[in-house]
Amino acid sequence: MLRILLGGQLRRLRQEKRISREDAGYAIRASHAKISRMELGQVSFKPRDVDDLLRLYGVEDPKQREALLGLVSSANAQGWWHRYGDVLPDWFGIYVGLEEAASGIRTYEVQFVPGLLQSEGYARSVIRLSSTATASEDIDHRVEMRMRRQHRFTTPGAPRLWAVIDEAVLHRPYGSPEVMRGQIEHLIEMGRLPNITIQVATFAMGGHPAAGGPFSILRFPTPQLPDVVYLEQLNSALYFDKYSDTHGYALTMDNLATQAPRPEETEDILREFLSRYSG
């Protein structure tokens, strides 16, 4: 997916300069067919080829060049998540790859705590409900992968994460009261990190613009790559990167964040639920 996004940006840059695929291919000592495959994300990228194409397309700004060239290694690399291929569906593997490359993620969830904010005990309870995870070894492997995804968000230089959680999530118990206490304490702890913002869309809000269901918006470190909206379904997922689609979701998230109680109020809201699960 990252190759597709990078290839799409190379195509836009070429078309803006009205350069043919044949001329672009000549610049990197290749055929027009290779340019076509690169722009479709069907082949890996060589840094030298991308560098030559950026020069041909008039991209001289050092920061822009550095950002795009930096994505080449990410687009070509086989990520750590591939070792979980036995329990990782292809459609979700694409998302994890995008998540690793993202500089910011905004997410809204109505069913359970977002995976990036789940405690280990809560994650295990959620995964046990899956019809595709029956063996204890599979469950362990999925929990391990979910915890591994979180690690990047708790290290120096971590990406931004902004999560809006529907109040229904806090009412719906996954696991024992002890598990739920641990999850809420985990949310409080994560919400104190400088790169993580958590809001609760309370019932008191009434109706709100995100009533259609959960979604995530991923943003990348260079503005030349479009945002990607991720919609997870039962056994598949949808990805949108056209501005006409992603802009609507961004506006919905903006409105939701504006209507929900402020992030400064989240810890107090969570502590109310903490007392409920403490008996």
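Brief remarks on what is shown
- Residue in the range 193-219 that is surrounded by the fewest Cβ atoms within 10 Å (Cβ to Cβ), counting only those that are in a loop (DSSP other than H, G, I, E, B) and touching a Phe, Trp or Tyr at 6+ places or on another chain (Cβ under 6 Å): 214
- In the set (1) among the polar types (S, T, N, Q); (2) over 19 Å from residue 113 (Cβ atoms); (3) open to solvent by 40 Å² or more (accessible area, probe 1.4 Å), the condition left unmet by residue 222 is number (3).
- Where a residue in the range 193-222 is closer than 15 Å to residue 99 by Cβ and hydroxyl-bearing (Ser, Thr, Tyr) and its partner, wherever it lies, is open to solvent by less than 20 Å² (accessible area, probe 1.4 Å) and in a loop (DSSP other than H, G, I, E, B), with Cβ under 9 Å and at least six apart: 216/114
- Set side by side, the residues 49, 86 differ, and just one is surrounded by 15 or more Cβ atoms within 10 Å (Cβ to Cβ) and out of contact with any Lys or Arg (no Cβ under 8 Å at 6 or more places or on another chain), which is 49.
- Residue 153, sole failed condition from (1) assigned to a helix (DSSP H, G or I); (2) crowded, with 19+ Cβ neighbours inside 10 Å; (3) among the aromatic types (Phe, Trp, Tyr): (2)
Conditions tested, residue by residue: (1) in a loop (DSSP other than H, G, I, E, B); (2) over 30 Å from residue 138 (Cβ atoms); (3) hydrophobic (A, V, I, L, M, F, W, C).
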| residue | (1), (2), (3) |
| --- | --- |
| 51 | no, yes, no |
| 67 | no, yes, yes |
| 83 | no, no, no |
| 92 | no, no, yes |
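- When residues of the range 41-67 are limited to those that are of a type in the set (A, V, I, L, M) and modelled with pLDDT of 80 or more, the one farthest from residue 148 (Cα to Cα): 56
- Boolean, residue 170 is within 30 Å of residue 244 (Cβ to Cβ) and open to solvent by less than 10 Å² (accessible area, probe 1.4 Å): no
- Members of the range 132-148 found to be assigned to a helix (DSSP H, G or I) and either surrounded by 17 or more Cβ atoms within 10 Å (Cβ to Cβ) or not basic (Lys, Arg) (or both), listed by number: 136, 137, 138, 139, 140, 141, 142, 143, 144, 145, 146, 147
The values are calculated or read from the model by the stated rules, or taken from the named source; none is laboratory data. Computed from a predicted model, the values in this text were never measured in an experiment. All Cβ positions, even for glycine, are placed from backbone atoms using ideal geometry, and neighbour counts span all protein chains on display. For accessibility, only protein heavy atoms count, side chains too; no ligands or nucleic acids. Shrake-Rupley method; radii C 1.70, N 1.55, O 1.52, S 1.80 Å.
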